[in-house]
Amino acid sequence: MTIDNNKHRRPAAGGCTIHCHDCSMGTLCIPFTLNTNELDQLDNIIERKKPIQKGEQLFKSGDPLKSLYAIRSGTIKSYTITEQGDEQITGFHLAGDVIGFDGIHAQSHQSFAQALETSMVCEIPFNTLDELSGTMPKLRQQIMRLMSNEIMSDQGMILLLSKKNAEERLAAFISNLAARFGSRGFSPREFRLTMTRGDIGNYLGLTVETISRLLGRFQKAGLIEVKGKYITILDLEELDRLAGAARIAR
């Protein structure tokens, strides 16, 4: 059985003309392992819109689940609002990540997703994707793999917050970012932090002052060099040792 491509074809809506075949993030994203024909079918249901700007939201808590979003460039943060009305950041998502899985169980999103910088995303209608995956075992397996990665990330975060001290948390965060940038073909030793120190502290359960103090301590110890939002890792081995077993999948 083959899904009718014309039936599900989405307009570009002013977006770009890059397709799954050409995307450098394909090995991290949903298209991974698909053959040419399967890629074409997936490509035809994806809507590529104009860039979303810093501060713009992809979805809000309570919004009905309509699509998953594959990040092509930029950074998206996910967060919830506590009973006290405070923001609690639950993840930072880079190019190659797919977000929106939180809405599958209740058919509505349980969190917010907001751009930290100008970002490009591919919008994938969930019901159409679900229908398509029924005819493509490799596509369904990849979706399950991405969902499993999200579960592993949540478990890693629980371990990080419950077992690690402040130094270890920040070391694990920087080490994890380095690995994620490296897996995307970027430098794992030099990168820009798109999130504020306040955001990092919120995510790690630490104050802004603690984050700033620890960055200064890491720099003084020769582990990293900090210039504004730019981080250069000078001693990755020691940073990894300090991070220990704490790893965050996303």
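Brief remarks on what is shown
- A search for C-beta distances below 6 Å between a residue of segment 161-189 that is assigned to a helix (DSSP H, G or I) and any residue that is among the aromatic types (F, W, Y), counting only pairs 6+ apart in sequence or on different chains, returns F181/F191.
- Pick from segment 42-89, criterion polar (S, T, N, Q) and buried (at least 19 other Cβ atoms within 10 Å of the Cβ), ranking: modelled with the lowest pLDDT: N44
- Residue in segment 218-228 that is touching a Lys or Arg at 6+ places or on another chain (Cβ under 9 Å) and crowded, with 18+ Cβ neighbours inside 10 Å present: yes
- The set of residues in segment 141-167 being touching a helix residue (DSSP H, G or I) at 6+ places or on another chain (Cβ under 8 Å), under 13 Å from L204 (Cβ atoms) and buried (at least 18 other Cβ atoms within 10 Å of the Cβ) consists of L160, K164.
The values are calculated or read from the model by the stated rules, or taken from the named source; none is laboratory data. In this text the structure is predicted, and so the values were computed from the model without any measurement. Here the Cβ is made from the backbone with ideal geometry for all residues, glycine too, and neighbour counts use every protein chain on show.
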